[in-house]
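Please treat every number below as a calculation from the coordinates, not as lab data. Quick caveat: nothing in here was measured; it's all calculated off a predicted structure. Quick reminder, even Gly has a Cβ in these numbers, built from the backbone with ideal geometry, and neighbours come from all protein chains shown.
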Amino acid sequence: MTSLSVRRAASARRARRERREHGRVTGAGPGRWAVLAAMALLAVAMLLPFALVTLNALKSPADYSSNGPLGLPHGVHLDGIVQFWQRVDFGEKLLNSLVISGSVAVLAVILSVLNAYALGIGRVRGRLWVLVLFLLANTLPQEALVYPLYYLAKAAGLYDSRLAVIIIFTVIQAAFGTYLLAAVLGGFPKAIIEAAAMDGASRWRILWWIVVPISRPTLSVLLIFFFIWTWNEFFLPLIFLISNDNQTVPVVLGVLQGEKMMDATMSSASALLGIVPAVAFFLIFQRTLTRGITVGAVK
Amino acid sequence: MAAQASATRPPKGARTPGSTGRPRGGGGYWIYLAPSAVLFLAVVIVPFLMNVVTSFTRWTGVGTPRWIGLDNYARLLRDEIFWTSFRHNVALIVAMAVVPTVVGLVLAAALFDYIGRWFGARTASALRAAYYLPQVLPVAVAGVVWGWMLNPSFGALNQLLETVGLGSLARDWLGDPDLALATVMAVMVWFQLGYPVVIFMAGLQRVDPGLYEAAEIDGASWWRRFWHITVPQIRPELFVVLLTCTIAALKVFGPIFVLTRGGPGRATNVPSYFSYQNFFQKANVGYGSAIATVLAVIIVVVTFLFLRVQERER
């Protein structure tokens, strides 16, 4: 960049500051409104499926068949939702998803911390190879692991159990977590650790009393990501959780989609029940997520 | 952003200058890797090797596998279904990686230096949130939503077309073999679009706004600024998005399972679904393993190539 354009950038910045002081920039011409309108139209198109699903999940089947999917519901009708909820015991599916995703998140963060401690702070010999291995594990398609895992789980009596899914995803998520955390802990201030070691703290103590508390923000981002990623998983849970009692939310919805017994309103009710937890997590964790989405970009 | 940049590359060559009294090579730290080593061996390494070995056998899943050497791979090369499934995969790379990246880039730039500037940051972030919302869904749930929208007998899309007077365009979107793949592609664009928008907008935060305004003073049009400032500035994000989306497209399973089960016929079959069929429906475990192994090799090679190119760019 030439010094001229640097100077221009500086003067432009000044001009912008002045403009801001004069209040909102005026003169948004018709062209600008056209761009805004186009972008808003796209936003509406993106949100339309959400709106339609919600609208129709609240209709009675009679209302649906006489007024079609586009009319507003005549009163709030929860029958579709209630019926679907009871038919698949949706509360149980929510609990399964919560138990599996929660356990995986906690266990995978613990594993990631242990690994990253050895790699990032301990700088064990051959750490580059270990990291490459974790990266490879992270990119491998689950299809290339699924049949042996299925076979081994059957042999170990873990097939069709939530425990099997928890173990598998703990390892898969920890592979990513290790990769990320090792880089973060690589930049951990050495002086703190050395000071603690001088005071006679063991490595184990240093890990739990110094490294973990200081790295808390990163760990919480990881925890939330692991939770949501595991919640969203479909392929392995589909194969490992065949009995109804063990299925997760995405699995039960995915399996039932297009079934004969599902009429229009019940189908939209089932879609809504899948949307609500996902959007709820997004809203609850929004801050952490927007901070961390770029971190998660590596996955 | 710093975390992301460092996360994409392992901290290689970052040696501690001057020994600080700790044992070189971090002797006692190995023990912290032990739990992962055991689990890793059991969940990733051994199963992957088993999968590779199985790919050289004929096996129904019960009894003893019979060694047949490279027969499964030879069969793959001749198998029309396999090649078709890979062509579908390429189509899904277009729908999940190429289109969202290109469109996302334009949208992110427009939100950042156009909407954000003339209509306020709030408008820009509201629009961004709207584009991103599909991304928060489990991909299987996205499939359920669209399975309902596209249902030929009661779906909302055909109704919508009729209402606006385009009833003649109503189709059996997922049931028509000529249309099913295009429909799945459209659904995946909807699902994927928000991700690049968010990543690119985050990347643009780094760019000095003065650069744009200087270019503007020089009389550069929006498109010129887009090409000469926006694109070069967020090159790292472009790489990450293209890589992650391409891998996601190669691995795609959930939407295919939920929307079409690979059908009608084989119209939307993809390698991951094809391997699933061989494993769990046709009891061709050896053949399924060969497909999965090829898929794994392709994904690893693609990742490696991307990282190499990215390395050279810096």
Q. How large is ³J(HN,Hα), in whole Hz, for each residue of the range B:124-141 in order, when computed from phi with the Karplus curve 6.51 cos²θ - 1.76 cosθ + 1.60 and θ = phi - 60°, using x for Gly and Pro?
A. 4, 6, 5, 5, 4, 4, 5, 5, 7, 3, x, 5, 7, 6, x, 4, 5, 5
Q.
Nothing charged except the Cβ atoms of Lys and Arg (+1) and of Asp and Glu (-1): what's the magnitude of the dipole of the range A:89-256 about its Cα centre? Round to the nearest 20 debye.
A. 680 debye
Q) Translational D (Stokes-Einstein, µm²/s) of the range B:74-313 at 10 °C and 1.306 mPa s when Rh comes from the Kirkwood sum over C-alpha pairs? A) 80 µm²/s
Q: Compute the normalised compactness of the range A:89-256: alpha-carbon radius of gyration over 2.2 N^0.38 Å, N being the residue count.
A: 1.17
**Q.** Taking the range B:74-313 and dividing mean pair separation by its residue count, relative contact order in percent (alpha carbons under 8 Å, at least six apart)
**A.** 28 percent
Q: Find, to one decimal place in angstroms, the Kirkwood hydrodynamic radius of the range B:140-224, where the mean of 1/r is taken over every pair of different Cα atoms and then inverted.
A: 16.3 Å
Q: For B:G262, list long-range residues whose amide hydrogen, built 1.01 Å from N in the peptide plane, is under 5 Å from its own amide hydrogen.
A: none
Q) How high is the FRET efficiency between B:R235 and A:V279 when r is their beta carbon distance and R₀ equals 25 Å, given to the nearest 0.05? A) 0.15
Q.
Rounded to whole Å, give me the distance from the Cα center of the range A:126-163 to that of the range B:106-160.
A. 34 Å
Q: Return the sequence-ordered ³J(HN,Hα) values of the range A:269-282 in whole Hz as given by the Karplus equation 6.51 cos²θ - 1.76 cosθ + 1.60 applied to θ = phi - 60°, using x for Gly and Pro.
A: 4, 5, 4, 4, 5, x, 6, 4, x, 4, 5, 4, 4, 4
Q: Report P(r) for the range B:15-145: all Cα-Cα distances, bin width 5 Å, range 0 to the bin holding the largest distance, values in whole percent.
A: 2, 7, 7, 8, 9, 9, 10, 10, 11, 12, 9, 5, 1, 0
Q) On the first, second and third principal axes, largest extent first, how far apart are the outermost C-alpha atoms of the protein assembly as shown in Å? A) 80, 80, 48
Q. With the contact rule set at Cα under 8 Å and sequence spacing of 6 or more, what percent relative contact order holds for chain A?
A. 28 percent
Q. At A:T54 and B:I31, where each label point lies 7 Å from the Cα along Cα→Cβ, what is the point-to-point distance in nanometres?
A. 5.4 nm
Q. Check B:T57: other-chain or 5+ apart residues with amide H under 5 Å from its amide H, H built from backbone geometry?
A. B:I68
Q. Arranged from highest to lowest average of other beta-carbon atoms within 10 Å per residue, in what order do the peptides B:304-313, B:110-119 appear?
A. B:110-119, B:304-313
Q | Computed label-point distance, nm, for sites B:D208 and B:R75 using a 7 Å Cα→Cβ extension | A | 6.3 nm
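Would you mind giving the three semi-axes, in whole Å and largest first, of the ellipsoid equivalent to the range A:148-224 according to its Cα gyration tensor?
35, 14, 10
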Q. Using the Karplus equation 6.51 cos²θ - 1.76 cosθ + 1.60 (θ = phi - 60°), what ³J(HN,Hα) coupling, rounded to whole Hz, does each residue of the range B:106-123 give in order, writing x for Gly and Pro?
A. 5, 5, 4, 5, 5, 5, 6, 9, 10, 4, x, 7, 8, 10, x, 5, 5, 4
Q: Go through A:K154/A:K260; A:K59/B:K251; A:K93/A:K260 and tell me which ones have a Cα-Cα distance over 25 Å in this structure.
A: A:K154/A:K260; A:K59/B:K251
Q | Segment A:M261-A:N67, length gained on full extension (0.36 nm per residue, minus Cα span) | A | 67.7 nm
Q) Based on the Kirkwood radius over alpha-carbon pairs, what value in µm²/s does the Stokes-Einstein equation return for the translational diffusion coefficient of chain A at 37 °C and 0.692 mPa s? A) 140 µm²/s
